[in-house]
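Everything on this sheet refers to the single structure shown next.
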Amino acid sequence: MDLLQRQPRIGGNAINYYYTCKTQLWFFLHNISMEDTSEYVALGKLLQETYSEGEEKDIQFDEISLDILKPLKEVVEIKRSSEIKEAHIYQLKYYLYYLKTRYGLTGFTGKLTYPNIHKTMKISLKPDDERELQEAIKEITKIFYLKTMIPPKYKKICRKCSYFELCFS
Ligand code: SF4
């Protein structure tokens, strides 16, 4: 199928990468993945297992993957480090937005939790957030159609990124 006929399937990771690094997003949207055997990924999975014991977890549908869905309409997202907090917040807001716009499911709230540092934030979806996410979706779609990669810019998180060798060697 011609690239221009395809539409990106935008899940939580794409939103996260949009707010973290546009180069990373470009790789992801173009199905370029690096084997990530880092301790960070393993630690993230372990945290999710530990934190979510007995809960409805890892719920996957369409392009969405929710860490935990609690009774009383609460979506929980578990993260290891708060280094890219803005990206985590928008990832979770996107889940609330997706449930609302795709399935008409309103009234959900979010909980962003960092078990490692005992920090939790309540997240809700406001009209401004919806506008912000609509803009993000448009920009992600433009990046999906870019034929060449977005040049990388070094930042603090690069050392922990699986694309590091691809960007800087
Ligand atoms: S190494 Fe840095 S610039 Fe490259 S994709 Fe990762 S975060 Fe982005």
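Which lysines does LYS160 reach when only Cα atoms under 21 Å apart count, and residues fewer than 8 places away in its own chain are ignored?
By straight Cα distance, LYS160 reaches LYS22, LYS45, LYS79, LYS85.
Is region 62-169 best put as rounded, prolate or oblate by its Cα gyration tensor, with a ≥ b ≥ c the root eigenvalues, rounded for a/c under 1.5, and otherwise prolate when a/b is larger than b/c, oblate when not?
oblate
Along region 91-98, what does the Karplus equation 6.51 cos²θ - 1.76 cosθ + 1.60 (θ = phi - 60°) give for ³J(HN,Hα), rounded to whole Hz, x for Gly and Pro?
These are the phi-based 3J(HN,Hα) values: 4, 5, 4, 5, 4, 5, 5, 5 Hz.
Can you compute 3J(HN,Hα) from phi for each residue in region 122-137, using the Karplus curve 6.51 cos²θ - 1.76 cosθ + 1.60 with θ = phi - 60°, rounded to whole Hz and x for Gly and Pro?
Once rounded to whole Hz, the list reads 8, 10, 10, 9, 10, x, 4, 5, 5, 5, 4, 5, 4, 5, 4, 4.
Any read-out appearing in this document is the output of simple, stated calculations on the displayed coordinates, not a laboratory observation. As the structure is a computational prediction, the values presented were derived from the model and not from experiment.
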